[in-house]
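*Asks:* Can you read through this structure? Questions will come right after.
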């Protein structure tokens with residue numbers, strides 16, 4: 001049986017290391033619900049996300065991204081039972097240059113793919129689980145402030161809409 005031809009998930013000829021914001025979704029292999037549990041539901045609060053040990057490992061590595069990559073910033077993320085969403089911004093923290101981004105001569109530009117590959121690899125090694133992640137990931141290049149805010153809102157709302165989520169199994 002011949003496998004179907006898979007569409008390449010990245011924009012052709014797009015430089016994923018250029019300044020900008022990116023909304024990324026990564027799924028577990030076969031959408032196994034091993035990262036977290038969505039527990040309960042408050043009357044006026046979103047349901048809490050209770051991380052598994054694998055989810056806690058993922059959370060630690062996501063929290064450390066900005067310490068590892070000088071030009072990568074994590075603006076928001078959520079770890080769902082079988083996937084996670086992350087809003088990544090590539091640029092500079094503008095701390096020393098009056099708000100105008102200018103790469104330092106020693107800065108190595110980091111691509112979104114590099115960050116995600118490293119993140120997936122580190123969690124896999126720490127947990128010792130083979131075949132933890134689905135191949136590749138879904139990304140969306142954010143093109144406007146409205147688009148950015150919509151992605152952030154989606155991340156915030158995702159736990160409350162878990163049973164309606166397309167990744168809910």
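FYI, it's all coordinate maths here, none of it is from the lab. Since this is a predicted model, take the numbers as computed values, not measurements. Don't worry about glycine lacking a Cβ; one is built from the backbone with ideal geometry, like all the others, and counts go over all protein chains shown.
*Asks:* Provide the FRET efficiency to the nearest 0.05 for the residue 117-residue 56 pair, computing r from the beta carbons and using R0 = 22 Å.
*Replies:* Given R0 = 22 Å and the Cβ-Cβ separation, E is 0.60.
*Asks:* Could you give the nm distance between label points at residue 19 and residue 124, where each point is 7 Å from its Cα heading toward the beta carbon?
*Replies:* 3.4
*Asks:* Determine, for 36, 136, the number of other Cβ atoms within 10 Å of each Cβ, and report the residues in order from fewest to most.
*Replies:* Result, fewest neighbours first: 136, 36.
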